[in-house]
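Right, one structure below, let's go through it.
Computed from the coordinates by the stated procedures, all read-outs in this text should not be read as laboratory data. Model, not experiment: these values are computed from the prediction. FYI the Cβ positions are ideal-geometry reconstructions off the backbone, even for glycines, and counts take in every protein chain you see.
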Amino acid sequence: NAGVTQTPKFQVLKTGQSMTLQCAQDMNHEYMSWYRQDPGMGLRLIHYSVGAGITDQGEVPNGYNVSRSTTEDFPLRLLSAAPSQTSVYFCASSFGTGDGEQFFGPGTRLTVL
Amino acid sequence: GENVEQHPSTLSVQEGDSAVIKCTYSDSASNYFPWYKQELGKRPQLIIDIRSNVGEKKDQRIAVTLNKTAKHFSLHITETQPEDSAVYFCDYGGATNKLIFGTGTLLAVQP
């Protein structure tokens, strides 16, 4: 199993550009989520999904969209990048919600100039 | 709703000493209490977890204790070693589907 994979590993954007961060898991997990981690800071929940076709907002959803068309994939879209979105983005998945280990992807380091 | 507080934010100990990190939560809906370790530049990884039907769980030098009455759970590391230096996070789901992490504790083990 590949576990949770994320692409790209690094990305530099200019202010106003849009892009999609990809996340995929091959463990048949129902729950998937996106977190951002600013330097020296904790993990803040952006959006999450409890299953295909279902998404909801986390703590810091503004400026981001998600979709969950399949169990495996959970892409995160930045609509119009801003310097405040410079961060490391982690995707995670688990079997259920709050009743089992979350498995994290390796992260995407995003810089917005 | 889901709300978790983690303390302390930083902790410096001498090698061989013990370290304790605590998370306090606001509701009583969750039955699962995990702790994650994040080394510099790496992804968070689960190190130990506990379910609400037990009060303590140990795995070699690490342990987790749960006090459901007081609504807190704690990570205990004994005989700390330099490789224990990392950021530690608790995670809590509560009554909603949101899995919120504590603010993290930077543990520094001084050789």
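Structural remarks
- Cα gyration tensor shape for chain B, rounded if a/c is under 1.5, else prolate or oblate: prolate
- Chain A, relative contact order [Cα under 8 Å, separation at least 6], %: 36 percent
- Dipole of chain A computed with +1 at Lys/Arg Cβ and -1 at Asp/Glu Cβ about the Cα centre; of A:G98, A:N1, A:G58, farthest Cα towards the positive end is A:G58.
- All lysines inside 30 Å of B:K98 as judged from Cα atoms, apart from same-chain residues fewer than 8 positions distant: A:K9, B:K22, B:K37, B:K42, B:K57, B:K58, B:K68, B:K71
- Cubic angstrom per residue, convex hull over Cα atoms of the range A:20-80: 88 Å³
- Chain B - charge dipole about Cα centre, Lys and Arg +1 at Cβ, Asp and Glu -1, debye rounded to 20: 320 debye
- Estimated FRET transfer efficiency when R0 is 45 angstrom, pair A:A2-B:E56 (beta carbons, to 0.05): 0.80
- Over the range B:16-88, Cα pairs under 8 Å with separation of 6+ residues give a relative contact order of 39 percent.
- For the range A:26-107, size of Cβ-based charge dipole, Lys and Arg +1, Asp and Glu -1, in debye: 340 debye
- Estimated D of the protein assembly as shown in µm² per second, where Rh is the Kirkwood radius over Cα pairs and Stokes-Einstein applies at 37 °C, 0.692 mPa s: 183 µm²/s
- Estimated inter-spin distance, B:Q110 and A:M19, nm [label 7 Å along Cα→Cβ]: 4.1 nm
- Note, ³J(HN,Hα) from phi for the range B:96-111, Karplus 6.51, -1.76, 1.60, rounded to Hz, x at Gly and Pro: 10, 8, 7, 9, 9, 8, x, 6, x, 10, 8, 9, 10, 9, 8, x
- Computed over the alpha carbons of chain A, Rg followed by Dmax gives 13.1, 39 Å.
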